[in-house]
1. Just the C-alpha atoms of segment 3-48: what Rg/Rh do they give, with Rh taken as the Kirkwood radius?
2. As a test of the definition: which semi-axes, in Å, follow for segment 51-188 when you take the square root of five times each eigenvalue of its alpha carbon gyration tensor? Largest first, please.
3. Run the lone-cysteine check on the chain: no other Cys C-beta under 4.7 Å from the residue's C-beta.
4. In what order do Val88, Val93, Val54 fall by count of nearby beta-carbon atoms within 10 Å, going from fewest to most?
5. Provide the net charge surrounding Ala14, with neighbours chosen by a C-beta distance below 15 Å and charges set as Lys +1, Arg +1, Asp -1, Glu -1.
6. Please compute the length gained on full extension between Ala188 and Met157, using 0.36 nm multiplied by the number of residues separating them and subtracting their Cα-Cα distance.
7. Name the residues whose placed amide hydrogens come within less than 5 Å of the amide hydrogen of Phe85, ignoring near sequence neighbours (fewer than 5 apart) on the same chain.
8. So, in Å, what gap is there between the alpha-carbon centers of segment 142-190 and segment 103-136?
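We did not get these values from a lab; they are worked out from the coordinates using the rules stated. This is a predicted model, so every value here is computed, not measured. When we count neighbours, we look across all protein chains shown, and the Cβ atoms used for this are built from the backbone with ideal geometry, even at glycine.
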Amino acid sequence: MAETPEQFYARTVAAGCRTPPVEEWASWPFEGSVTPKALVPPAPEPPRMGVGGVDCRACDAPDDAYFWTDDRWRLQDAGPGGLPFVCVLEPRVHADEPSDLGPELAREMGWMIARVEEAVRAIGHIGRVHISRFADGAEHMHWWFIARPADQAQFAMMTAVIWDDVLPPVPQDVWDDNKAAVAAAMDASR
Ligand SMILES: [Zn+2]
């Protein structure tokens, strides 16, 4: 039987959190040891932005806020940050969970994820494109595509998201070229 939030909290507080040897991880961005924060007791979560499509920033945004669009999907860049390129794929229709899209659009979502991943790699010198759906901040479905440089295993796996904030930002002109390369590759794969 699944633990309730209260049971989960009580068990983990009683047992105590672990401290993984992050200073030994090749991809960990920081020197020195770390200490886990105290666990916060369960409480109702704050509402996510745009619940039910009301005051939804994505639904309200015009197409020129996106660098590539078609009839059902839009791509928005999220930078410049420290990594070569980060962008977000959204359906035009307001949806929370993937199953909210229904079978036809959900199938298309799978192909769109494949297209965007390939398009981000078309920038060149990309080692890996991480794909994530966090969805804790805004309800409108959005898939993250997070590109790390080639030959840089130091930025591997989940630490890439932290490295994006640690590395100095990519110069705007390089970022714009990368964005244009992704848009061109999306057009080429229509
Ligand atoms: Zn929306």
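1. On the way: Rg = 14.5 Å, Rh = 13.1 Å.
My calculation puts Rg/Rh at 1.11.
2. Details: eigenvalues 124, 50, 44 Å².
Over the Cα atoms of segment 51-188, the semi-axes work out to 25, 16, 15 Å.
3. Unpaired cysteines in the chain: Cys17, Cys87.
4. On the way: Val88 21, Val93 15, Val54 11.
The order, fewest Cβ neighbours first, is Val54, Val93, Val88.
5. Numbers: positive: Arg11, Arg18; negative: Glu3, Glu6.
Local charge sum for Ala14: 0.
6. Working: separation 31, 0.36 × 31 = 11.16 nm, distance 2.87 nm.
Working it through step by step, the gained length comes to 8.3 nm.
7. Under 5 Å from the amide H of Phe85: Ala147.
8. Using only Cα atoms, the two centres lie 12 Å from each other.
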